[in-house]
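A.B. asks: Got a structure for you, written out below as structure tokens; questions coming shortly.
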Amino acid sequence: MSDAASYNFAYLDEQTKRMIRRALLKAVAIPGYQVPFASREMPMPYGWGTGGVQVTASVLGADDTLKVIDQGSDDTTNAVSIRKFFERTAGIATTTHTSEATVIQTRHRIPEAPLGEGQILVYQVPIPEPLRFLEPRETETRRLHALEDYGLMHVKLYEDIARHGHIATTYAYPVKVDGRYIMDPSPTPKFDNPKMDMCPALQLFGAGREKRIYALPPYTKVVSLDFEDHPFEPTKFDRGCALCGSEGIYLDEVVTDDRGGRMFVCSDTDYCESRRAEATEGGHALHEVPR
Amino acid sequence: MYVAVKGGEAAIAAAHTLLAKERRGDPAVPELTTDQIREQLALAVDRVMSEGSLYDRDLAPLAIKQARGDLIEAIFLVRAYRSTLPRFGYAQPIDTSAMSIRRRISATFKDLPGGQVLGPTFDYTHRLLDDSLNEVAAEPTAPARRPIADDANAPHVADLLGEQGLIEPNPQATDDAPVADLTRDPLAFPAERDLRLQSLARGDEGLLLALGYSTQRGYGRTHPFAGEIRMGSVEVHLAPEELGFEVPLGTIVVTECEMVNQFKGSAESPPQFTRGYGLTFGHSERKSMSMALVDRALRTRELGEEVVAPAQDEEFVLSHVDNVQATGFVEHLKLPHYVDFQAELQLVRQMRREWEEANRKEAAE
Amino acid sequence: MSTSAVARGFADPVHDSQKVFRRALDAMAHPGRIAQLGTHIEPPAPLFATSASLLLALADYETCVWLDDTLAEVPAIAEFVRFHTGTRLTRARREAEFAVIAEPEHMPPLTAFASGTPEYPDRSTTLIIQVETLANRGWQFTGPGIRECASFSAAPLPPDFPEQLAANRARFPLGVDLIFTTQTEIAALPRTCRIVEAA
Ligand SMILES: [Zn+2]
């Protein structure tokens, strides 16, 4: 039972893959709409990427190269664990380089390097329903999507502005897909939202516990919700990465001591390493780290 | 210079080695065998089989041992294994009226055909810690068994009421109507009773207990009587299409609870009692009784009553009753969220700057 | 049913299914893009190997498949499909997850198939339409999956097909999704496609 070799390629049985593949095709045909699917119990806990893992397992082929990131990094424990799972059960090649991957499974980030045609980005999604925190009932939110009745969402965002002077949503920032469905982009920071718009890669979303799959075909219009007088603004950092010097990328804050010491470094570790490698090759000095 | 943390893989491997060591405990104490768990922690095994949705008296003890006695973890192990098993067919419905009874009680009639059979129960034990269990005790002797008349003579209490039309009839199964299966189709609402019962049978004993209890305290009161609780073994049959007849697969132990609940009649139907139903693998009275209470509460819509309490709200109950889902999502908060947290930090810092600026301006004016 | 007479299915079901699915996913994600679908299976004519591969990769006992009269008239085809997929064959078009059409000029209107419900638009039929030719010229499309504009046409089809496509889009999110096949190629037009020019 513990022998991974006794499981099917990429763990899932063929019947389960077919069921998920049918759901994926419908998801691509109805961008932003959440297709219910009979999510299986996986050998990892619900909430830890079971939806993403089932989607990845269903699309993966023997000649794919897989990259897995969590918080932008290939080395976070859950990313390591999921990558290991596919190495063991599918025996496929893995990489940490965004450009080399054909399939990228992610939690909470979109890589900084632009994605290309032919690549598939698989998101792990905890709560797929963007209206869930405004209306807990699935029967009701399904009706609202059917009627394209998104008044609740606009009221919520507007109340934010009235109370805080800002739309107080910084991650899982709702988007409208091709002018029709409001979609949850998964808990990626709103910094990443613009990358979804007209992205050449295919974006697939899997929510295992909530049993939903949805998708963004390549070159799909994805608009972050906003108001004319309060346009959408991605999070901006007023500095660059302390390690590679890159600017305009998403940063992790690292606490270096208990006297207020902080440094900011790339959240995308592959991007950071590539920039530093380029700098070394090009004979540029590495950025000095402020102490 | 700052170096980003690497070596997640080595850390994970080391953590798992530590876990294995912790699981074993003090090596001077003999290792627990799965046989011991099956025989001596039988009620834990029964719970893992029920909520794991897999009747297997060898796998459940193994899961309990591997999970270090964490029953929800053990249930999860069994579920994950179960989802990889191919399906060969669907068994015929079990017939609990043909049960070989080990325990059977009714709270509604003092005596009844087949009699009250107390069987192995904690009921009426005085909850005093038993020092003697610290020692390897002498083998307890079984009491002389009162001969139970032919099992077929223990009709369901609800059927006795049914003969007089005092309780709503049991819904009749239609042979070719498909039975819902939430492990093959995603849960959708409204959920019919077959799907609800499956969900409750797999559901968390603790949540069902609390919800059942809440109905007794007035949050969706249903005036329950424990019409009957029976525990014993039943045969499971398969009827392969190509054979054209039933073949027995073996016997399983189940606990069944039929609650009798009050219900006022309507213009169309005379006053009669209504039913709540609970069934679990193995011996689990608390779970099957709680399940029966919640089943009846969830029939609110079907019986034309108003949904006012949590236990009557099928979307609320069915969406939260699965402890494998619940524990996964609660515990996923342990995973790194620093990307999202950074986004929130940036906004809070910005809002504080704006607030301070506004205050300064105000003070200057 | 004699199983010995049924033509062979996938040589390597796990990996062959995966490859066919990825081609279909790619086609659906890039409307109008024509791709080769290499396959070694030899289903009974006039079912194309490409169409048969799609069924083997996607249909099973949880689905319903509708065959047009031309295909349904050949008992060996029903036998082949049932044997390899375990799917149910239906004569009710609105029940079908997949419909296979071998005589496209006389195919039923797109509205004759399941187009989903407002709450569940995914409960709709995917049509596999066998044609003689696919070409990257003719009609012009925009929509998700298309960077600017895609030229695509298939033949033969009913003369009012462009109008039917426009009407299918107008019902969005309801609608049917189309996969066109020749003996060796596939291309898709999901319901998102907006036909901008029916040249
Ligand atoms: Zn960097």
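The values are calculated or read from the model by the stated rules, or taken from the named source; none is laboratory data. None of these values were measured; they are calculated from a predicted model. Here the Cβ is made from the backbone with ideal geometry for all residues, glycine too, and neighbour counts use every protein chain on show.
A.B. asks: Taking helices (runs of 4 or more DSSP H) that do not extend beyond the range B:1-110, which have at least 2 residues that are aliphatic (A, V, I, L, M)? Even if it seems obvious, please write down each step before you answer.
C.D. replies: Working: elements: B:8-24, B:34-40, B:42-52, B:59-66, B:71-82.
Answer list for the range B:1-110: B:8-24, B:42-52, B:59-66, B:71-82.
A.B. asks: Tell me which residues, restricted to the range A:233-278, are closer than 30 Å to A:Arg180 by Cβ and either at pLDDT 95 or above or within 9 Å of the ligand (Cβ to nearest atom) (or both). Can you show your working first?
C.D. replies: First, pick out the residues of the range A:233-278 that are closer than 30 Å to A:Arg180 by Cβ: A:233-236, A:250.
If the condition is that a residue be closer than 30 Å to A:Arg180 by Cβ and either at pLDDT 95 or above or within 9 Å of the ligand (Cβ to nearest atom) (or both), then A:Tyr250 is the only one that fits.
A.B. asks: Take the range B:82-96 and flag every residue that is over 30 Å from B:Ile229 (Cβ atoms) and at the interface with chain A (Cβ under 10 Å from one of its Cβ atoms). Write out each step before concluding.
C.D. replies: Taking the range B:82-96 and keeping what is over 30 Å from B:Ile229 (Cβ atoms), we get B:83-89.
Within the range B:82-96, B:Ser83, B:Thr84, B:Leu85, B:Pro86, B:Arg87 meet the criteria.
A.B. asks: Turning to a different aspect of this structure: Any chance the range B:339-348 includes a residue that's assigned to a loop (DSSP other than H, G, I, E, B) and either among the charged types (D, E, K, R) or within 8 Å of chain A (Cβ to nearest Cβ) (or both)? First the steps, then the outcome.
C.D. replies: The first filter runs over the range B:339-348 and keeps only residues assigned to a loop (DSSP other than H, G, I, E, B), leaving none.
Checking the range B:339-348: not a single residue is assigned to a loop (DSSP other than H, G, I, E, B) and either among the charged types (D, E, K, R) or within 8 Å of chain A (Cβ to nearest Cβ) (or both).
A.B. asks: While we're looking at this one, here's another question. Among (1) at negative phi; (2) more than 10 Å from chain B (Cβ to nearest Cβ); (3) surrounded by 24 or more Cβ atoms within 10 Å (Cβ to Cβ), there is one condition A:Ser39 misses while meeting the rest; what is its number?
C.D. replies: Of everything listed in (1) at negative phi; (2) more than 10 Å from chain B (Cβ to nearest Cβ); (3) surrounded by 24 or more Cβ atoms within 10 Å (Cβ to Cβ), A:Ser39 misses just condition (2).
A.B. asks: Could you say which residue among B:Ala173, B:Ala144, B:Ala180, B:Ala188 is touching a helix residue (DSSP H, G or I) at 6+ places or on another chain (Cβ under 8 Å) and either outside any strand (DSSP E or B) or over 30 Å from C:Glu119 (Cβ atoms) (or both)? Let's see the steps before the verdict.
C.D. replies: Values: B:Ala173 fails: touching a helix residue (DSSP H, G or I) at 6+ places or on another chain (Cβ under 8 Å); B:Ala144 fails: touching a helix residue (DSSP H, G or I) at 6+ places or on another chain (Cβ under 8 Å); B:Ala188 fails: touching a helix residue (DSSP H, G or I) at 6+ places or on another chain (Cβ under 8 Å).
The match here is B:Ala180.
A.B. asks: Next up: Looking at the range A:249-283, which of the residues that are of a type in the set (Asp, Glu) and surrounded by 15 or more Cβ atoms within 10 Å (Cβ to Cβ) is farthest from A:Asp192 (Cα to Cα)?
C.D. replies: A:Glu273
A.B. asks: If you go through the range C:6-33, how many residues are in contact (Cβ under 8 Å) with a residue 40 or more places away in the chain, buried (at least 20 other Cβ atoms within 10 Å of the Cβ) and among the aliphatic types (A, V, I, L, M)?
C.D. replies: 4
A.B. asks: Now, a different point. Taking the range A:45-72, which residues are over 17 Å from the mean Cα position of the chain (by Cα) and more than 8 Å from chain B (Cβ to nearest Cβ)?
C.D. replies: Across the range A:45-72, the qualifying residues are A:Ser58, A:Leu60, A:Gly61, A:Ala62, A:Asp63, A:Asp64, A:Thr65.
A.B. asks: Which of the residues belonging to the range A:110-136 are touching a residue at least 60 places away in the same chain (Cβ under 8 Å), farther than 27 Å from C:Gln18 by Cβ and over 16 Å from the mean Cα position of the chain (by Cα)?
C.D. replies: Within the range A:110-136, none qualify.
A.B. asks: Now, a different point. Does any residue of the range B:329-338 turn out to be surrounded by 14 or more Cβ atoms within 10 Å (Cβ to Cβ), under 24 Å from B:Ala191 (Cβ atoms) and within 14 Å of chain A (Cβ to nearest Cβ)?
C.D. replies: Yes, there is a match, as at least one residue in the range B:329-338 is surrounded by 14 or more Cβ atoms within 10 Å (Cβ to Cβ), under 24 Å from B:Ala191 (Cβ atoms) and within 14 Å of chain A (Cβ to nearest Cβ).
A.B. asks: Run down A:Phe205, A:Phe227 and say which single residue is closer than 30 Å to C:Pro31 by Cβ, among the aromatic types (Phe, Trp, Tyr) and away from the ligand (no atom under 16 Å from the Cβ). Walk me through it before giving the result.
C.D. replies: Values: A:Phe227 fails: closer than 30 Å to C:Pro31 by Cβ.
After ruling out the rest, the residue left standing is A:Phe205.
A.B. asks: On the basis of being buried (at least 20 other Cβ atoms within 10 Å of the Cβ) and more than 25 Å from B:His337 (Cβ to Cβ), does A:Leu60 make the cut?
C.D. replies: Values: buried (at least 20 other Cβ atoms within 10 Å of the Cβ): yes; more than 25 Å from B:His337 (Cβ to Cβ): yes.
Yes; evaluated as a whole, the condition is true for this residue.
A.B. asks: Take the conditions free of Cβ contacts under 8 Å to residues at least 60 places away in the same chain, more than 16 Å from the ligand (Cβ to nearest atom) and on the phi > 0 side of the Ramachandran plot and apply them to A:Ala168. Does it pass? Give the steps one after another, and end with the answer.
C.D. replies: Numbers: free of Cβ contacts under 8 Å to residues at least 60 places away in the same chain: yes; more than 16 Å from the ligand (Cβ to nearest atom): yes; on the phi > 0 side of the Ramachandran plot: no.
Spelling it out, it is not the case that A:Ala168 is free of Cβ contacts under 8 Å to residues at least 60 places away in the same chain, more than 16 Å from the ligand (Cβ to nearest atom) and on the phi > 0 side of the Ramachandran plot.
A.B. asks: Let me ask something else about it. How many of the residues in the range C:84-93 are more than 14 Å from every other protein chain (Cβ to nearest Cβ) and in a strand (DSSP E or B)? Show your work before the answer.
C.D. replies: Taking the range C:84-93 first, the residues more than 14 Å from every other protein chain (Cβ to nearest Cβ) are C:89-93.
This time we only want the ones that are in a strand (DSSP E or B), so: C:89-90.
Matching residues across the range C:84-93 total 2.
Here's the yes/no breakdown for (1) in contact with a Pro (Cβ under 7 Å, 6 or more places away or on another chain); (2) within 14 Å of chain C (Cβ to nearest Cβ):
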residue: A:Ala207; (1), (2): yes, no
residue: A:Ile213; (1), (2): no, yes
residue: A:Thr220; (1), (2): yes, yes
residue: A:Arg239; (1), (2): no, no
residue: A:Ser246; (1), (2): no, no
residue: A:Glu253; (1), (2): no, no
residue: A:Cys266; (1), (2): no, no
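A.B. asks: A further question follows. Under 27 Å from B:Ile75 (Cβ atoms), modelled with pLDDT under 95 and in contact with a strand residue (DSSP E or B) (Cβ under 8 Å, 6 or more places away or on another chain): is that true of B:Gln272 in this structure?
C.D. replies: On the way: under 27 Å from B:Ile75 (Cβ atoms): no; modelled with pLDDT under 95: yes; in contact with a strand residue (DSSP E or B) (Cβ under 8 Å, 6 or more places away or on another chain): yes.
Answer is no for this residue.
A.B. asks: What number of residues within the range A:110-145 satisfy the criterion of being over 20 Å from B:Tyr338 (Cβ atoms), part of a loop (DSSP other than H, G, I, E, B) and of a type in the set (A, V, I, L, M, F, W, C)? Before you say what the answer is, go through the steps one by one.
C.D. replies: Taking the range A:110-145 and keeping what is over 20 Å from B:Tyr338 (Cβ atoms), we get A:113-122, A:128-145.
From what is left, the residues that are part of a loop (DSSP other than H, G, I, E, B) are A:113-119, A:128-137.
Narrowing further to those that are of a type in the set (A, V, I, L, M, F, W, C): A:113, A:115, A:131, A:133-134.
Count: 5.
A.B. asks: Give the number of residues within the range C:151-176 that are at the interface with chain A (Cβ under 10 Å from one of its Cβ atoms) and farther than 16 Å from A:Gly32 by Cα. Talk me through it step by step, then tell me what you get.
C.D. replies: At the first step, the residues of the range C:151-176 found to be at the interface with chain A (Cβ under 10 Å from one of its Cβ atoms) are C:172-176.
From what is left, the residues that are farther than 16 Å from A:Gly32 by Cα are C:176.
Final tally of qualifying residues: 1.
A.B. asks: Just checking, does the range A:94-106 include any residue being assigned to a loop (DSSP other than H, G, I, E, B), touching a helix residue (DSSP H, G or I) at 6+ places or on another chain (Cβ under 7 Å) and modelled with pLDDT of 95 or more? Break it down into steps so the answer makes sense when it comes.
C.D. replies: Initially, the range A:94-106 is screened for residues assigned to a loop (DSSP other than H, G, I, E, B), giving A:95-97, A:101-102.
When the remaining residues are screened for being touching a helix residue (DSSP H, G or I) at 6+ places or on another chain (Cβ under 7 Å), the result is A:96-97.
Those left that are additionally modelled with pLDDT of 95 or more: A:96-97.
Yes, that holds for at least one residue.
Conditions tested, residue by residue: (1) surrounded by fewer than 21 Cβ atoms within 10 Å (Cβ to Cβ); (2) more than 29 Å from B:Phe341 (Cα to Cα); (3) within 14 Å of chain C (Cβ to nearest Cβ); (4) free of Cβ contacts under 8 Å to residues at least 12 places away in the same chain.
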residue: A:Asn78; (1), (2), (3), (4): no, no, no, no
residue: A:Ile92; (1), (2), (3), (4): yes, yes, yes, no
residue: A:Thr95; (1), (2), (3), (4): yes, no, no, no
residue: A:Val103; (1), (2), (3), (4): no, no, yes, no
residue: A:His108; (1), (2), (3), (4): no, no, no, no
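A.B. asks: Taking the condition farther than 30 Å from C:Arg22 by Cβ and within 12 Å of another protein chain (Cβ to nearest Cβ), does A:Thr188 pass? Full working, then the answer.
C.D. replies: Numbers: farther than 30 Å from C:Arg22 by Cβ: no; within 12 Å of another protein chain (Cβ to nearest Cβ): yes.
In short, no.
A.B. asks: A further question on this structure: Checking the conditions here, which among B:Glu51, B:Glu73 is of a type outside the set (Gly, Ala, Ser), within 14 Å of chain A (Cβ to nearest Cβ) and within 18 Å of B:Glu285 (Cα to Cα)? Give the derivation first.
C.D. replies: On the way: B:Glu73 fails: within 18 Å of B:Glu285 (Cα to Cα).
Exactly one of B:Glu51, B:Glu73 is of a type outside the set (Gly, Ala, Ser), within 14 Å of chain A (Cβ to nearest Cβ) and within 18 Å of B:Glu285 (Cα to Cα), namely B:Glu51.
A.B. asks: For C:Leu54, only one of the following conditions fails: (1) surrounded by fewer than 22 Cβ atoms within 10 Å (Cβ to Cβ); (2) within 14 Å of chain A (Cβ to nearest Cβ). What is its number?
C.D. replies: (1)
A.B. asks: To continue, here is another question. Do we find that C:Glu163 is over 30 Å from C:Ile41 (Cα atoms), modelled with pLDDT under 95 and among the acidic types (Asp, Glu) in this structure?
C.D. replies: Details: over 30 Å from C:Ile41 (Cα atoms): yes; modelled with pLDDT under 95: no; among the acidic types (Asp, Glu): yes.
Criteria not met by C:Glu163.
A.B. asks: Scanning for something within 30 Å of A:Thr235 (Cβ to Cβ) and either crowded, with 19+ Cβ neighbours inside 10 Å or away from chain A (no Cβ under 12 Å) (or both), does the range B:312-328 turn up at least one residue?
C.D. replies: Start the filter on the range B:312-328 by keeping residues that are within 30 Å of A:Thr235 (Cβ to Cβ), which leaves B:328.
Still in the list and also either crowded, with 19+ Cβ neighbours inside 10 Å or away from chain A (no Cβ under 12 Å) (or both): B:328.
Yes, the range B:312-328 contains at least one residue that is within 30 Å of A:Thr235 (Cβ to Cβ) and either crowded, with 19+ Cβ neighbours inside 10 Å or away from chain A (no Cβ under 12 Å) (or both).
A.B. asks: Is it fair to say A:Ile161 is more than 11 Å from chain C (Cβ to nearest Cβ), crowded, with 24+ Cβ neighbours inside 10 Å and within 20 Å of A:Thr235 (Cβ to Cβ)? Steps first, answer last, please.
C.D. replies: Details: more than 11 Å from chain C (Cβ to nearest Cβ): yes; crowded, with 24+ Cβ neighbours inside 10 Å: no; within 20 Å of A:Thr235 (Cβ to Cβ): yes.
Considered against the rule, which asks whether it is more than 11 Å from chain C (Cβ to nearest Cβ), crowded, with 24+ Cβ neighbours inside 10 Å and within 20 Å of A:Thr235 (Cβ to Cβ), A:Ile161 comes out as no.
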